[in-house]
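Structure record follows, encoded as structure tokens.
The values are calculated or read from the model by the stated rules, or taken from the named source; none is laboratory data. Not measured: the values here are computed from a predicted model. Glycine gets a Cβ as well: all are built from the backbone with ideal geometry, and neighbour counts include every protein chain shown.
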Amino acid sequence: MKKPAGWMVWLLPVASGLCFAALWLGIKHLGGVSDWLLPTPWQILEAAAQERSRLLTAAGNTAVGALAGFSLAATSGLLLAMLIGASRVLRAAFYPWLLVLQMTPVIVLTPIIVLWAGPGFPGIVTITWLISFFPIVANTTQGLLSADHNHVGLFRMANASRWQELWHLRVPSAMPYYLAGLRIAATLAPIGAIFGEYMVGNASGGSGGLGFMVYVYNTQIKIPALFATALTSCLLGFIFVAAVSFLNWSVLHKWHDSFDRNDH
């Protein structure tokens with residue numbers, strides 16, 4: 001497939017964004033929707049400018065909780081996937097229960113998290129970790145099990161130990177899967193932090209995260225500011241994904257096929 005021209009990479013998102021804004025305004029004016037139900041884009045931007053100090057502070061607080069939970073998930077997810085990938089017994093014993101836990105809605109576990117981890121920052125980090133953890137474990141485990149069978153046979157012919165096979169063959173082969181899991185988790189971590197702030201967070205010290213601001217603006221019926229909070233949340237998510245995408249490029253671009261320029 002031919003790679004799009006550089007100008008198209010920038011122009012097409014701008015064009016689609018303008019079309020979306022036009023559709024937004026058309027629905028608002030033709031449908032007679034009031035401002036408190038659906039503010040205009042510039043009303044949202046005006047609210048973001050007016051509330052920029054509070055939103056930036058809240059975004060910083062959310063980023064700390066999201067980064068803590070994401071880092072914990074990235075580390076524990078990799079370690080658990082390595083244990084599961086190294087042993088069929090462990091995989092058979094624990095992987096089904098991981099899937100069961102993944103399918104349990106976090107909102108059901110929230111009261112338990114509050115009891116065990118406590119409200120505020122510990123609860124926020126725990127919820128963020130729980131939401132970000134499973135994509136990393138699932139992707140990394142799949143990568144560990146997807147190592148080239150010819151290479152696996154070569155290692156076993158050389159009498160390599162199980163851990164040598166894991167560390168020198170399966171872990172490098174699973175790295176693209178692990179980084180793909182990190183990209184998924186990077187989109188979920190800010191969401192998990194905001195949800196955690198809304199459910200178990202507080203505003204100790206006079207400031208809270210974006211989840212707390214959602215609660216404040218909702219109770220005050222400041223709808224443009226509520227949309228501005230959503231916009232800030234999206235920007236925070238983009239920062240997380242961009243950071244992980246850069247890590248993905250740094251690790252893989254010199255050797256992995258997904259960065260082969262001839263394929264574009």
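Are any residues in the stretch 86-98 in a helix (DSSP H, G or I) and either in contact with a Phe, Trp or Tyr (Cβ under 8 Å, 6 or more places away or on another chain) or surrounded by 12 or more Cβ atoms within 10 Å (Cβ to Cβ) (or both), and if so, which ones?
Ala86, Leu90, Arg91, Phe94, Tyr95, Leu98
Tell me whether the stretch 209-216 contains one or more residues that are at pLDDT below 85 and either within 23 Å of Ile107 (Cα to Cα) or part of a helix (DSSP H, G or I) (or both).
No: zero hits.
What is the number of the single condition among (1) touching a residue at least 60 places away in the same chain (Cβ under 8 Å); (2) assigned to a helix (DSSP H, G or I) that Pro39 does not meet?
Result: Pro39 passes all but (2).
I need the full set of residues from the stretch 219-229 which are surrounded by fewer than 16 Cβ atoms within 10 Å (Cβ to Cβ) and either in a loop (DSSP other than H, G, I, E, B) or modelled with pLDDT of 95 or more (or both), in order please.
Correct list: Gln220, Ile221.
One residue is enough: does the stretch 96-119 have a residue meeting the conditions of a type in the set (Ser, Thr, Tyr) and farther than 19 Å from Val200 by Cα?
Scanning the stretch 96-119 turns up no residue that is of a type in the set (Ser, Thr, Tyr) and farther than 19 Å from Val200 by Cα.
Somewhere in the stretch 124-143, is a residue closer than 24 Å to Val214 by Cα and touching a Ser or Thr at 6+ places or on another chain (Cβ under 8 Å)?
Yes, because at least one residue in the stretch 124-143 is closer than 24 Å to Val214 by Cα and touching a Ser or Thr at 6+ places or on another chain (Cβ under 8 Å).
Suppose the filter is in contact (Cβ under 8 Å) with a residue 24 or more places away in the chain and either surrounded by 17 or more Cβ atoms within 10 Å (Cβ to Cβ) or more than 27 Å from Arg170 (Cα to Cα) (or both); does Ala49 pass it?
In short, no.
Which of the following residues is more than 18 Å from Ala189 (Cβ to Cβ) and of a type in the set (A, V, I, L, M, F, W, C): Phe70, Phe94?
Checking each option against the conditions leaves just Phe94.
Would you call Arg88 modelled with pLDDT of 85 or more and not small (Gly, Ala, Ser)?
no
Residue-by-condition table, conditions (1) in contact with a Leu (Cβ under 6 Å, 6 or more places away or on another chain); (2) surrounded by fewer than 23 Cβ atoms within 10 Å (Cβ to Cβ):
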| residue | (1), (2) |
| --- | --- |
| Ser132 | yes, no |
| Ser146 | no, yes |
| Val171 | no, yes |
| Ala193 | no, no |
| Gly196 | no, no |
| Tyr217 | yes, yes |
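Condition first: part of a helix (DSSP H, G or I) and within 13 Å of Ile223 (Cα to Cα). Now tell me which residues in the stretch 43-57 satisfy that.
Gln43, Ile44, Leu45, Glu46, Ala47, Ala48
Restricted to the stretch 153-169, and to residues that are modelled with pLDDT of 80 or more and of a type in the set (D, E, K, R), which residue is surrounded by the most Cβ atoms within 10 Å (Cβ to Cβ)?
Once the filter is applied, the top-ranked residue is Glu165.
For the stretch 236-246, name all the residues that are over 22 Å from Met199 (Cβ atoms) and surrounded by fewer than 20 Cβ atoms within 10 Å (Cβ to Cβ).
Phe238, Ile239, Val241, Ala242, Ala243, Ser245, Phe246
Count, please, the residues in the stretch 155-171 that happen to be among the aromatic types (Phe, Trp, Tyr) and either in contact (Cβ under 8 Å) with a residue 40 or more places away in the chain or touching a strand residue (DSSP E or B) at 6+ places or on another chain (Cβ under 9 Å) (or both).
Residues in the stretch 155-171 being among the aromatic types (Phe, Trp, Tyr) and either in contact (Cβ under 8 Å) with a residue 40 or more places away in the chain or touching a strand residue (DSSP E or B) at 6+ places or on another chain (Cβ under 9 Å) (or both): 1 in total.
Would you pick out the residues in the stretch 100-116 that are assigned to a helix (DSSP H, G or I), without any contact (Cβ under 8 Å) to a residue 24 or more places away in the chain, within 22 Å of the chain's Cα centre (by Cα) and surrounded by fewer than 15 Cβ atoms within 10 Å (Cβ to Cβ)?
Val100, Val108
Checking Trp255 against (1) among the aromatic types (Phe, Trp, Tyr); (2) modelled with pLDDT of 90 or more; (3) loosely packed, with under 14 Cβ neighbours inside 10 Å, only one condition comes out false. Which one?
Here Trp255 meets the rest and fails (2).
Taking the conditions exactly as written (at pLDDT 85 or above, hydrophobic (A, V, I, L, M, F, W, C), touching a Pro at 6+ places or on another chain (Cβ under 6 Å) and assigned to a helix (DSSP H, G or I)), does Ala81 satisfy them or not?
no
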